[in-house]
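Report on the structure given below.
The values are calculated or read from the model by the stated rules, or taken from the named source; none is laboratory data. All of these numbers come straight from a predicted model, not from anything done at the bench. Ideal geometry is used to build each Cβ from the backbone, glycine not excepted, and the neighbour counts take in all protein chains shown.
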Amino acid sequence: MSDDNQPVKCHVQDEIAWVSFNRPDKRNAMNPALNRCMMEVLDELEYRDDVGVLVLKGEGTAWSAGMDLKEYFRETEALGLRGIRQSQREAYGWWRRLRWFQKTTIAMVNGWCFGGGFAPLYACDLAICADDAKFGLSEINWGILPGGGATKVVTDLLSMRDAMYYTLTGEMMDGQTAARLRLVNESVPADQLETRVTQLANTLLEKNWVILKAAKDGVRRVNEMTYDNAEDYLVRAQEAANFHDKTQGRKEGIKQFIDDKTFKPGLGTYDKTRNS
Ligand code: COA
């Protein structure tokens with residue numbers, strides 16, 4: 001399905017969909033064409049049986065240099081409010097789609113990640129970066145505030161002091177700092193990035209993907225709920241997942257532990273290829 005001339009590249013191997021921002025000459029800045037193409041790619045991948053995990057990476061030296069200042073800002077502004085709102089809808093649309101994607105998602109941050117790039121970073125469930133990746137809320141440097149969700153991302157993930165510091169100074173942080181501040185899960189040497197991401201993807205692929213979807217939505221949803229509402233939501237989410245999980249994984253997991261004694265849930269995942 002990949003076309004090297006498209007602003008988004010994709011190939012599926014061993015149940016992992018490797019999706020790349022593909023405007024390396026423009027440091028993978030997100031222009032309207034890329035945003036439209038990304039939505040099509042997500043649409044095509046989301047319910048495929050041969051896709052269990054999606055990895056979002058960048059071609060060349062960047063993950064994404066954020067929104068395209070020329071094509072996303074200047075040229076759409078020239079079209080008036082209609083043009084501005086349309087290009088915002090296209091960008092926000094695929095970020096939202098990715099936040100609630102049916103399969104688990106990993107941001108593999110290989111280089112520059114600026115401004116609007118924080119939105120897809122946050123949309124991915126997990127994020128692993130290279131030590132030499134560079135992150136920055138550069139908006140303040142060119143005279144705007146970090147919109148399109150970027151301010152929300154840093155206030156959700158970082159402490160208030162750190163969110164404020166990076167918002168106001170536009171200073172960059174490297175991969176290890178991003179991991180320490182919890183903008184990403186981990187930072188690894190660049191030459192180990194793909195190996196580590198593949199390993200993490202394979203861990204996810206062992207799990208029951210219906211339940212992964214219920215669990216990841218739970219993490220995002222309960223954050224905004226009272227304790228009572230969260231309890232209630234999670235009961236209903238589990239019951240809905242039981243309906244969608246045609247393999248009845250929960251019963252199989254109990255059986256393999258209690259009856260067959262073939263695994264221990266504290267130490268690993270039940271064998272989802274067995275179904276009695
Ligand atoms: N929007 C539009 N074009 C961009 C871009 C962006 N966000 N980021 C990079 N580009 C373009 C450059 O204009 C340049 O185009 P050209 O070859 O036609 O002149 C090309 O990509 C390469 O960029 P360059 O600046 O030469 O690469 P670099 O490796 O030296 O520096 C960055 C990389 C990311 C540090 C630098 O490009 C930059 O600061 N980009 C803007 C980042 C930003 O503020 N993003 C926030 C937007 S919300």
Which members of region 227-256 meet the condition of being of a type in the set (D, E, K, R), more than 26 Å from the chain's Cα centre (by Cα) and surrounded by 13 or more Cβ atoms within 10 Å (Cβ to Cβ)?
-> ARG250, LYS251, GLU252, LYS255
Note on region 93-130: residues among the polar types (S, T, N, Q) and in contact with a Cys (Cβ under 8 Å, 6 or more places away or on another chain) are THR105, ASN110
Region 14-33 - residue that is farther than 20 Å from ILE84 by Cβ and surrounded by fewer than 18 Cβ atoms within 10 Å (Cβ to Cβ) and, of those, nearest to the ligand (Cβ to nearest atom) | ASP25
Index of the failed condition, GLU224 passing every other in (1) surrounded by fewer than 17 Cβ atoms within 10 Å (Cβ to Cβ); (2) of a type outside the set (Lys, Arg); (3) at pLDDT 95 or above = (3)
Given the residues ASN141, ASN110, which is the only one that is touching a Gly at 6+ places or on another chain (Cβ under 6 Å), under 26 Å from ASP162 (Cα atoms), among the polar types (S, T, N, Q) and free of Cβ contacts under 8 Å to residues at least 60 places away in the same chain?
-> ASN141
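Give the residue that is surrounded by the fewest Cβ atoms within 10 Å (Cβ to Cβ), with candidates limited to residues of region 102-128 that are aromatic (Phe, Trp, Tyr) and over 9 Å from the mean Cα position of the chain (by Cα). Outline the logic, then answer.
In the first step, residues of region 102-128 are kept if they are aromatic (Phe, Trp, Tyr); the result is 112, 114, 118, 122.
Next cut, over 9 Å from the mean Cα position of the chain (by Cα) only: 112, 114, 118.
Values: TRP112: 23, PHE114: 25, PHE118: 28.
Taking the candidates together, the pick is TRP112.
A quick yes/no check of all residues on (1) touching an Asp or Glu at 6+ places or on another chain (Cβ under 7 Å); (2) outside any helix (DSSP H, G or I); (3) more than 19 Å from THR105 (Cα to Cα):
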position: VAL184; (1), (2), (3): no, yes, no
position: ASP191; (1), (2), (3): no, no, yes
position: GLY218; (1), (2), (3): no, no, no
position: ARG221; (1), (2), (3): no, no, no
position: ASN229; (1), (2), (3): no, no, yes
position: VAL235; (1), (2), (3): no, no, yes
position: THR247; (1), (2), (3): no, yes, yes
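Here is a check on your reading of the model: is SER187 away from the ligand (no atom under 16 Å from the Cβ) and more than 21 Å from TRP18 (Cα to Cα)?
Details: away from the ligand (no atom under 16 Å from the Cβ): yes; more than 21 Å from TRP18 (Cα to Cα): no.
No, not satisfied.
Residues in region 34-85 that are outside any helix (DSSP H, G or I), farther than 30 Å from ASP131 by Cβ and within 13 Å of the ligand (Cβ to nearest atom): how many?
First pass over region 34-85, keeping only residues outside any helix (DSSP H, G or I): 46-68, 78-80.
Checking the rest, the ones that are also farther than 30 Å from ASP131 by Cβ come to 46-50, 78-80.
Going one step further and asking which of them are within 13 Å of the ligand (Cβ to nearest atom), we end up with none.
Here the count works out to 0.
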Exactly one of (1) modelled with pLDDT under 95; (2) closer than 24 Å to TYR47 by Cα is unmet by LYS216. Its number?
-> (1)
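Does region 142-152 include one or more residues that are more than 16 Å from the ligand (Cβ to nearest atom) and either surrounded by fewer than 16 Cβ atoms within 10 Å (Cβ to Cβ) or not β-branched (Val, Ile, Thr) (or both)? Full working, then the answer.
Of region 142-152, the ones more than 16 Å from the ligand (Cβ to nearest atom) are none.
Within region 142-152 (the criterion being more than 16 Å from the ligand (Cβ to nearest atom) and either surrounded by fewer than 16 Cβ atoms within 10 Å (Cβ to Cβ) or not β-branched (Val, Ile, Thr) (or both)), the answer is no, since none of the residues qualifies.
Inspect region 1-20 for any residue being polar (S, T, N, Q), free of Cβ contacts under 8 Å to residues at least 12 places away in the same chain and not in a loop (DSSP other than H, G, I, E, B) and give the result as yes or no. Write out each step before concluding.
Quick first cut of region 1-20, residues polar (S, T, N, Q) only: 2, 5-6, 13, 20.
Still in the running and free of Cβ contacts under 8 Å to residues at least 12 places away in the same chain: 2, 5, 13.
Those still in the list that are not in a loop (DSSP other than H, G, I, E, B) too: 13.
Checking region 1-20: at least one residue is polar (S, T, N, Q), free of Cβ contacts under 8 Å to residues at least 12 places away in the same chain and not in a loop (DSSP other than H, G, I, E, B).
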Residues being on the phi < 0 side of the Ramachandran plot, within 13 Å of the ligand (Cβ to nearest atom) and not charged (D, E, K, R): count how many of those fall in region 112-141.
-> 16
